[in-house]
Structure formats: C-alpha cells, structure tokens
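Shown next, in structure tokens, is the structure this report addresses.
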Amino acid sequence: MSTLRLEKITKRFGDFYAAREITFEAQEGEFVTLLGPSGCGKTTLLKMIGGFHQPDSGHIWINGKNVNNLPPEKRNTAMCFQSYALFPHLNVAHNICFGLKQKGLPINEQQGRLTQVLNQVGLKDQHLKMPAQLSGGQQQRVALARAMVTRPDVVLFDEPLSNLDAKLRESVRFEIKELQRQYQLTSIYVTHDQAEALTMSDKIVVLNAGSIEQIGPPEEIYYRPANRFVADFIGAANIDTARITPAQQPGYYCVRCKLGEFYVRSPRPPQAEHSYICWRPEDARFVPQPRKGDNHFFLTLRKMAFMGNLTEAWGDNDENSLSVRLQLIKKPQAEIGERVCFQLPEDAIHFLEPVVGGSNEMA
Ligand SMILES: Nc1ncnc2c1ncn2[C@@H]1O[C@H](COP(=O)(O)OP(=O)(O)OP(=O)(O)O)[C@@H](O)[C@H]1O
Ligand SMILES: [Mg+2]
C-alpha cells in the first residue's frame, strides 16, 4: 500500500472555511482517523483526497505524487460511505465487481479478484445474494469488499458504521479493523464517535471548525490532550484555570487552582504560568481520611448514579462553587449533601493552553 500526505489544504465555500491549512500524513498501512463534531470539515477533507472537491490551496500527495489535478478515477482511492450505497438490484458479486467492469478489466481478472476478496471479507458463500437478503454487518462488508477489490492506494471511510445498531457497530468495528490490519490498507477513517476513533486508530487527527486541534496516537490524545477542546471532546474532563510553578524536583510542579493545591508530575512543562489544566473523572479516588501533601480535596456530593462497573458522582467545591465530575470504581459510603474527601495521583493533572489575558481569573 502507500502513503498519503496533505500539505496546508484550505477549502472555502464562499466566505466560510471548511478546511484551514490542514497538514497530516498517513504512512503505508496506517489507520488515520479524522475525528471532530458535526460540520468540522471531515467529509470535505475526504472528498478532496478522493478528488470530488478541489482545494483552494495546498497539495495532496499519494505515494509521493501530487494528485491535485487528477480526476477521482485516476487517483486510485476507494470510498466506503456512511450508507453502504449498494445497488439493490445487483447481487453481491455484481456489486463488488461494478467498478472493475466499468474500468473494463478482463472477466477472468474480475473473477480472480472477486474470489479473493470474498474470502478476505468472509462472504464466499453469499455472492449470489441480493443486498436485501444480507444483515447490516454483511452489507457493510460487501461495501468494504467493493472498495478493496480495486486494490486502492488509500481507502476512505466516511462514518461507515453510523447506520448500524449499537451492538452490530461494535462487532463490525473490529471486523473492519482486523481486515485493515491484515491487508495493511492505508486508511482514512471519518467519525465523530470517540470510542470508534480510540479503538481503531493508529493516529487521530482531531478537527474543530476546519482546523486541526491535535494529531497523535489514541493514548496521547486521551492522556495528554493539547487544549480544552480536545480534553472536553474526547472523554469527560474536569477543566480549571491554574497557577503553575516549578517544584524543586525536576519534572514536578505546584499547581494552585480552585480545588486547592496539588503536587503534579508532568513530562510536559506548562506553556505559561497561568494555564488551563484538566483531569479525568476516573482519576480521582475517594479517601476516608486526608493526609498532608497527598493531593486531596473536599467536595460536597450533589448527585450519584450507580452504573454497575462504576459510580458517576458530581460534587461542588463550596468555596467557589466549582462543579466536579467523578467516576468511582467503588461507590463511596457517603450521602448526598455530605462533604467528602478525594485524592488525585500526582500524574493525573495535565497542562493545557495558557489562559489568555491572564492572571486576573486566578487566586
Ligand atoms: N458544497 C457545499 N457548499 C457549501 N457549504 C458546504 C458544502 N459542503 C460542506 N459545506 C459546509 O462545510 C462544513 C463542513 O462540512 P462537512 O460535510 O465536511 O462536515 P462533517 O465534519 O463531515 O460533518 P458531519 O459529521 O455532520 O458529517 C459544514 O459547515 C457544511 O455546511
Ligand atoms: Mg460528514
């Protein structure tokens, strides 16, 4: 397979920027996800890679070749859509071979590729069925087979699972990922579902209003979000402003925020003394007794919801009515309205972007 590179791609519709200086790349066999809220420009980017939209500026390279001026049929990309878009009047085999037939590939070459791809997607006994006789997951596999059979350099997925029910979505998600890994398909996958992005991707490009907020592997995006948007969009986060000063030990910082004072270990120094910070609701632990210097804080419990494997809890910090969300493995033996002590590990707090204009917001 092959590599894809986008370099400073900008696309406007009138005055509106759907993509602004987008630069990223997918290595050979890499699974890259474009993740972001509705309207952030994901489909527009896919269409530019596929050749269905022309960028206003910037370059797209596939295997080191600039494809800006190539029409879709010359780009050797394949699109897997939101709706499977199978032809209802054609059986599985004819659906899969549709593109090959249009390209005028000899019939024996079509047959050979069809047999191979049916085996790859596990549908070899289903080739005579009509789309309406297949389950949603099988239809999605036919759509993937139709993309794979053209032996594309890059497969472009546009929310391929969004039409499936929740349970099927999960199993087809693993099937697509397994096929992608096995056949080393260089893939650009569009979704606004963070669970899909986290479980499937080698690399995630987080988009917001046409711009990139962060690029990185799933764990980095989750554990080291670059800014408030990423922290809030991927997973749940408690976000606050803080004054951060270096501690004596290298790599350690004193963080003063509305919740209190914390001793924090961070591989990344803050960008400014006054910055936003965040921590994940699952990082806080209920402690019966506070100990000096153990990063504890007090909350008045406002709401608790038992979810089976965890308990969601919300609490207020009385001094400045900061509302905090917690996910606790064990339901605390405490009542609503009670003042309870929690503790944060020293690596739970992450530094985000600087507070613009500053220190006034701070204690
Ligand atoms: N042909 C067009 N003409 C004008 N505006 C457009 C056109 N296509 C897209 N847009 C606008 O560009 C923005 C990005 O659209 P796009 O379809 O890329 O979003 P998306 O991230 O794929 O969203 P969703 O998750 O809802 O599919 C939207 O605000 C949309 O209204
Ligand atoms: Mg879209």
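List the aspartates and glutamates whose Cα sits under 18 Å from the Cα of K8, skipping any in the same chain fewer than 8 residues away.
Output for K8: E21, E25, D56, E213.
Give the ranking of S187, S211, S38, S135 by solvent-accessible surface, highest area first, calculated with a 1.4 Å probe. Don't skip to the answer; put the middle values down first.
On the way: S187 0, S211 35, S38 110, S135 55 Å².
Largest accessible area first, the residues go S38, S135, S211, S187.
Based on Cβ point charges of +1 for Lys and Arg and -1 for Asp and Glu, what charge dipole magnitude is obtained for region 207-363 about its Cα centre, in debye rounded to the nearest 20?
That gives a dipole near 300 debye.
Enumerate the lysines that K303 could reach by cross-link, defined here as Cα to Cα under 21 Å, with residues fewer than 8 away along the same chain left out.
Candidates past the 8-residue exclusion: K258, K330, K331.
So what is the calculated 222 nm ellipticity per residue for the chain, using -39500 (n - 2.57) for each DSSP H run with n of 4 or more, over all residues, to the nearest 500 deg cm²/dmol? List each step's numbers first, then the result.
Values: 8 runs with 83 residues, N = 363.
Counting only the DSSP helices, I get -7000 deg cm²/dmol.
Excluding D347 itself, what net charge comes from residues whose Cβ is under 15 Å from its Cβ, given Lys and Arg +1 and Asp and Glu -1?
Within the 15 Å Cβ shell, the charges total -1.
For region 208-283, with the dipole built from +1 on Lys and Arg beta-carbon atoms and -1 on Asp and Glu ones, taken about the Cα centre, which of A231, P217, C278 lies farthest toward the positive end?
The residue sitting farthest along the positive end of the dipole is C278.
Pull up the cross-link candidates among the lysines for K167, meaning alpha carbon to alpha carbon under 17 Å and not fewer than 8 places away within one chain.
K177
Starting from the Cα gyration tensor of region 239-333, multiply each eigenvalue by 5, take the square root, and state the resulting semi-axes largest first in whole Å.
Each semi-axis is √(5λ); the values are 26, 14, 13 Å.
Just to be sure I follow: if Rg is taken over the C-alpha atoms of the chain and Rh is the Kirkwood radius over the same atoms, what is Rg/Rh?
Working: Rg = 24.8 Å, Rh = 23.2 Å.
Using Cα coordinates only, the ratio equals 1.07.
Report the net charge of residues surrounding L100, where surrounding means a beta-carbon distance below 11 angstrom and charges are Lys +1, Arg +1, Asp -1, Glu -1.
Charge balance near L100 sits at +4.
So for the chain, taking the charge dipole from beta-carbon charges (+1 Lys/Arg, -1 Asp/Glu), which of P246, L100, T300 sits furthest toward the positive end?
After comparing all options, I get L100.
Provide Rg and Dmax in Å for region 128-251, with only Cα atoms included in the calculation.
My reading of the Cα-based Rg and Dmax gives 18.7, 71 Å.
Can you sort I188, I336 by 1.4 Å-probe accessible area, starting with the largest? Working shown, then result.
Details: I188 0, I336 95 Å².
Of I188, I336, the descending order of accessible area is I336, I188.
The values are calculated or read from the model by the stated rules, or taken from the named source; none is laboratory data. No experiment lies behind these values; they were computed from the predicted model shown. Methodologically, a virtual Cβ is constructed for each residue, glycine included, from the backbone with ideal geometry; neighbour enumeration extends over all protein chains shown. With ligands, DNA and RNA removed, areas are computed over all heavy atoms of the protein, side chains included. Shrake-Rupley method; radii C 1.70, N 1.55, O 1.52, S 1.80 Å.
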